[in-house]
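Peer 1: Submitted below is the structure of interest, expressed as structure tokens.
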Amino acid sequence: MTKYIIRRTLGLLPLFVGAVVISFLLMRAAPGGPQAALAGIKSITQEDREKWLRRWCLQAEVTPINMLKEFGGWLGVLNCDSDTVPEIFFSAQGGLNVLPAALGGGDNGILHGDLGLSIRAGRPVVDVILERVPATLLLTTTALALWVGIAILIGTYAAVHRYSLFDQGMTFLAYVFYSLPTFWLGLMLIFFFAVFLRTSGVTDFFPSGGIITTRDWPPFNTPQYWAAFGERPMAAIVDIGRHLVLPVFTLVAVNIAADSRFVRAAMLEALNQDYIRTARAKGLPARTVIAKHAFRNAMLPVVTNVALELPFLVSGAIVTETIFTWPGLGRLFIESVGARDYFVLMGLLLVSTVFILIANLLADIVYAIVDPRIRYD
């Protein structure tokens with residue numbers, strides 16, 4: 001198993017490099033560019049602007065050769081403080097720029113953990129992304145746990161009680177929720193809880209925006225907030241939980257509808273196999289037959305399906321976070337598009353790529369855990 005994980009991880013490297021190249025080309029194909037976006041900020045002096053552009057190999061006009069230099073600077077291979085070859089491949093410390101700074105290499109580029117400077121925020125992209133990660137992880141992990149857990153329970157029970165009233169009811173609801181667009185469902189929830197209930201005199205128990213009640217708490221994910229969280233942890237958890245309800249429901253409703261049907265189909269196929277009939281003929285309890293024999297074998301296609309849907313959970317969070325003003329990576333992406341913050345956009349694409357590759361690697365590992373017939377040499 002360990003050898004397999006190492007081989008699969010190494011096999012992901014070409015995919016990662018390809019995704020990095022595609023992300024860079026997409027951002028360079030976008031209108032304007034970092035040069036134009038930075039020129040629109042009047043608070044930056046011309047000297048600082050030229051220094052920043054030079055650090056990222058952006059000081060020259062856009063040509064195929066200069067685009068290669070830009071990519072090399074963003075990757076961390078080139079040092080554009082020098083215009084001559086071979087000095088451009090060496091850092092100010094004298095070592096190859098691609099090497100870590102501790103070994104005499106450079107400090108620019110993604111290979112050195114530097115994703116650039118946010119034009120909108122005026123801070124390193126890494127800091128801008130990291131401060132939004134907790135909110136997105138809270139939203140997506142909560143949604144994922146509920147989505148997968150409820151879908152498995154509904155699908156399994158519906159398969160075991162095929163054509164029952166429960167099965168038919170869940171089939172109807174699955175078709176209804178699966179047909180609802182995420183953005184429409186989110187807007188309808190906001191209308192009901194933020195407009196209709198308030199005008200009816202009912203307390204707005206589920207807030208329609210944000211991650212915390214701003215009048216009661218400092219800004220989220222700041223030292224002041226965590227200090228207040230330490231003083232009143234239960235109140236803080238309840239407050240965040242109230243804000244989680246509507247965006248989580250928006251994210252999971254469609255996915256539960258789709259995956260519960262998928263689990264039902266996989267379980268029905270497993271329950272019709274010969275080894276299930278043999279287990280029943282031996283007199284094993286129905287619960288043992290379902291949980292030990294049918295369920296584990298039915299989960300293999302479900303694991304594949306969930307792994308493929310994880311990227312859609314992230315993309316769905318972009319819409320959901322924007323609708324509910326959730327301060328996560330999805331909202332950061334929309335804000336960066338509007339501000340033409342190219343380095344933040346490339347950083348977010350890079351983070352999404354890593355997430356997708358890791359999700360597929362974990363799916364392969366889970367295969368061996370779920371299905372004992374699978375062994376990796």
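The values are calculated or read from the model by the stated rules, or taken from the named source; none is laboratory data. As the structure is a prediction and not an experimental result, all values here were calculated from the model. Because the Cβ atoms are built from the backbone with ideal geometry, glycine has one as well, and the counts that use them run over all protein chains shown.
Peer 1: So, E321, is that one of a type in the set (D, E, K, R), modelled with pLDDT of 80 or more and in the same structural domain as T156 (by TED's automatic domain parsing) or not?
Peer 2: The answer is yes for E321.
Peer 1: Out of all the residues in the range 287-299, is one or more assigned to a helix (DSSP H, G or I) and either farther than 22 Å from T156 by Cα or touching a Phe, Trp or Tyr at 6+ places or on another chain (Cβ under 7 Å) (or both)? Working first, answer last.
Peer 2: Filtering the range 287-299 down to residues assigned to a helix (DSSP H, G or I) leaves 287-299.
Next, only the ones that are either farther than 22 Å from T156 by Cα or touching a Phe, Trp or Tyr at 6+ places or on another chain (Cβ under 7 Å) (or both) stay: 293.
Within the range 287-299 (the criterion being assigned to a helix (DSSP H, G or I) and either farther than 22 Å from T156 by Cα or touching a Phe, Trp or Tyr at 6+ places or on another chain (Cβ under 7 Å) (or both)), the answer is yes, since at least one residue qualifies.
Peer 1: Among the residues of the range 11-34, which ones are in contact (Cβ under 8 Å) with a residue 60 or more places away in the chain, closer than 18 Å to L115 by Cβ and either part of a helix (DSSP H, G or I) or of a type in the set (S, T, N, Q) (or both)?
Peer 2: F16, A19, V20, S23, F24, L26, M27, P34
Peer 1: Sort out which residues of the range 327-345 are under 14 Å from the mean Cα position of the chain (by Cα), touching a residue at least 60 places away in the same chain (Cβ under 8 Å) and more than 15 Å from L38 (Cβ to Cβ), and write them in order of number.
Peer 2: Hits for the range 327-345 are P327, G328, L329, G330, R331, L332.
Peer 1: If you take the residues of the range 316-352 that are in contact with a helix residue (DSSP H, G or I) (Cβ under 7 Å, 6 or more places away or on another chain), in a helix (DSSP H, G or I) and charged (D, E, K, R), which of them is nearest to G73 (Cα to Cα)?
Peer 2: The extreme case among them is R331.
Peer 1: Take P223 and tell me if it is farther than 13 Å from A253 by Cβ and in contact with a helix residue (DSSP H, G or I) (Cβ under 9 Å, 6 or more places away or on another chain). Spell out how you get there, then give the answer.
Peer 2: Working: farther than 13 Å from A253 by Cβ: yes; in contact with a helix residue (DSSP H, G or I) (Cβ under 9 Å, 6 or more places away or on another chain): no.
In short, no.
Peer 1: Then there is this: As an exercise: evaluate W226 against (1) in a loop (DSSP other than H, G, I, E, B); (2) at pLDDT 90 or above; (3) among the aromatic types (F, W, Y) and give the number of the one condition it does not meet.
Peer 2: (1)
Peer 1: Just the residues that are aliphatic (A, V, I, L, M) and either free of Cβ contacts under 8 Å to residues at least 24 places away in the same chain or surrounded by fewer than 16 Cβ atoms within 10 Å (Cβ to Cβ) (or both), please, taken from the range 282-326.
Peer 2: L284, A286, V289, A291, L308, I318
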